[in-house]
1. Whether any residue in segment 108-128 is at pLDDT 95 or above and acidic (D, E) is what I want to check.
2. Please determine whether any residue of segment 124-139 is under 16 Å from the mean Cα position of the chain (by Cα), closer than 28 Å to L45 by Cα and among the charged types (D, E, K, R).
3. From the list L24, L3, pick out the single residue that is in contact with a Ser or Thr (Cβ under 9 Å, 6 or more places away or on another chain), under 30 Å from R165 (Cβ atoms) and surrounded by fewer than 17 Cβ atoms within 10 Å (Cβ to Cβ).
4. Can you pull out the residues in segment 86-119 that are in contact with a Leu (Cβ under 8 Å, 6 or more places away or on another chain) and assigned to a helix (DSSP H, G or I)?
5. What number of residues within segment 1-59 satisfy the criterion of being farther than 23 Å from A79 by Cβ, small (G, A, S) and either free of Cβ contacts under 8 Å to residues at least 24 places away in the same chain or in contact with a Leu (Cβ under 6 Å, 6 or more places away or on another chain) (or both)?
6. Taking the criterion of being closer than 18 Å to I26 by Cβ, of a type outside the set (G, A, S) and out of contact with any His (no Cβ under 8 Å at 6 or more places or on another chain), would at least one residue in segment 167-186 satisfy it?
7. Taking the criterion of being closer than 28 Å to G18 by Cα, of a type in the set (D, E), modelled with pLDDT of 95 or more and surrounded by 14 or more Cβ atoms within 10 Å (Cβ to Cβ), would at least one residue in segment 82-92 satisfy it?
8. Condition check: over 17 Å from the mean Cα position of the chain (by Cα) and under 22 Å from T36 (Cβ atoms). Does A181 satisfy that?
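The values are calculated or read from the model by the stated rules, or taken from the named source; none is laboratory data. Values in this document were obtained by computation on a predicted structure and should not be read as measured data. We place every Cβ from the backbone using ideal geometry, glycine too, and count neighbours over all the protein chains shown.
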Amino acid sequence: MPLAFDALLTRARALAQGRRRSLLGITGSPGSGKSTLAEHLVRALNGTGTSWAAHVPMDGFHLADAELDRLGRRDRKGAPDTFDAAGYAALLGRLREEREEVVYAPGFERVLEQPVAGAIPVPPTARLVVTEGNYLLLESGAWARVRPCLDEVWFVETDEDERIRRLVARHEEFGKEHEAAVAWVLGTDQRNADLVAATRDRADLVVPASALPSPCGTPEN
């Protein structure tokens, strides 16, 4: 029987039955639907109006463009070494341990394509934190510190043609001309996608696109 969203919701809810806060990671290649799944899970878990679950994307740990320029990495934005992986792992550790105070996480402004400090409040009432990003299962460098902070990691898998279509549409939505969007998706984005795909076997669960709550009509992470 195909995996359904309700089964994912039940599994996510079960993660937070212990005394401490739990962290669920959702990963997958760029454009696979990670954000769609995370947002729907958190919305459903908070359906009673309480802040029972929180969504903390990895994207807030993008290095700022000024720093990427200094490092000479601007043309590879989105690659593993264009994030503050150590800072992300440190935040996950704090989210796991801190239950008395609000923890603020950085967000990411799509229009500006820049991280925004202190944009996401995680209240003490949050029993489950859903975090999503490309490199949750990467084992190199500071990324290796991420997986031990997470109770489970799910890998979202989507048809390759559809994934590429979404990415091109997203880049166009945020200002790239069509040719430039296609070149970026088939170049920089594809190298990152291949790297992420190689981590699939380390996931606790592989989530097919059919399990997402609704067809992804807009480009998603």
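1. Checking segment 108-128: not a single residue is at pLDDT 95 or above and acidic (D, E).
2. Yes, that holds for at least one residue.
3. Within the list L24, L3, the selection yields L3.
4. Selection gives L92, L95, R96.
5. The total comes to 9.
6. Yes, some residue in segment 167-186 is closer than 18 Å to I26 by Cβ, of a type outside the set (G, A, S) and out of contact with any His (no Cβ under 8 Å at 6 or more places or on another chain).
7. Scanning segment 82-92, I find no residue that is closer than 28 Å to G18 by Cα, of a type in the set (D, E), modelled with pLDDT of 95 or more and surrounded by 14 or more Cβ atoms within 10 Å (Cβ to Cβ), so the answer is no.
8. When the stated conditions are applied, A181 passes them.
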